[in-house]
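The values are calculated or read from the model by the stated rules, or taken from the named source; none is laboratory data. On a predicted model such as this, the values are computed, not experimentally measured, just so you know. Positions of Cβ are backbone-derived with ideal geometry, glycine not excepted, and every protein chain shown enters the neighbour counts.
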Amino acid sequence: MLDVLFIEQPTVAAALLQPIRLDIVKRLAQPRSCPELARLLNLPTQQVNYHMRKLTEAGLVDRIDERRVRGTVEGIYQARAAAYWLSPNLVGRLGARKTINEAGLSYLLSLAEDLQSDVAKLANAPEPQSCLGVSAYVELKDPKKRAEFLDEVQQVLQTLARKYGATSRGKERNSYRLLLACYENPNDPNHPTPTKQ
């Protein structure tokens, strides 16, 4: 079973994004037959067979074994992955791309899309990948220093990138990507909530 299955094709996404099929996939963390799933979901076995065929054709579920039961052969199925991620590129960016502004939410969305895509590629690598995740909440004592804080964070990261990027020598190089997102905490009770239009 893969750690992550990154779905980039609309036809595969469409095969998964139906309520019954989502229920089936969620119950396939462990191997099961269609009759077992039918009992769990309180559905006719024929209906489960139909959806299982569509999920298998889309590469979302694997037939991993079979067994004989009263003269018939029952397939045993398992989810292809522990997690299914939908690529942001399934819809893509609508309208003209805004000018890149490193302090804008549009830029953060682009970074989040890049991060999701990169992590999906690394998730199923044969060897463990060295990586680091950092999450922190910073409460500014003086809200007027917001720009100064953001500027200093950017300078620190650029200094690190120059320091270690400039020292690579020889043929063997390890390339790392450093992404940082800094934004107002939307869970802060003092954060203004958006108005619905």
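Can you work out which of the residues in segment 53-73 that are aliphatic (A, V, I, L, M) and modelled with pLDDT of 95 or more is surrounded by the most Cβ atoms within 10 Å (Cβ to Cβ)?
The extreme case among them is V61.
Residues that are aromatic (F, W, Y) and modelled with pLDDT of 85 or more within segment 138-187 comprise just one, F149.
Can you spot a residue in segment 6-28 that is assigned to a strand (DSSP E or B) and either among the β-branched types (V, I, T) or in contact with a helix residue (DSSP H, G or I) (Cβ under 9 Å, 6 or more places away or on another chain) (or both)?
Step one: of segment 6-28, the residues assigned to a strand (DSSP E or B) are 6-7.
Those left that are additionally either among the β-branched types (V, I, T) or in contact with a helix residue (DSSP H, G or I) (Cβ under 9 Å, 6 or more places away or on another chain) (or both): 6-7.
Yes; the residues of segment 6-28 include at least one that is assigned to a strand (DSSP E or B) and either among the β-branched types (V, I, T) or in contact with a helix residue (DSSP H, G or I) (Cβ under 9 Å, 6 or more places away or on another chain) (or both).
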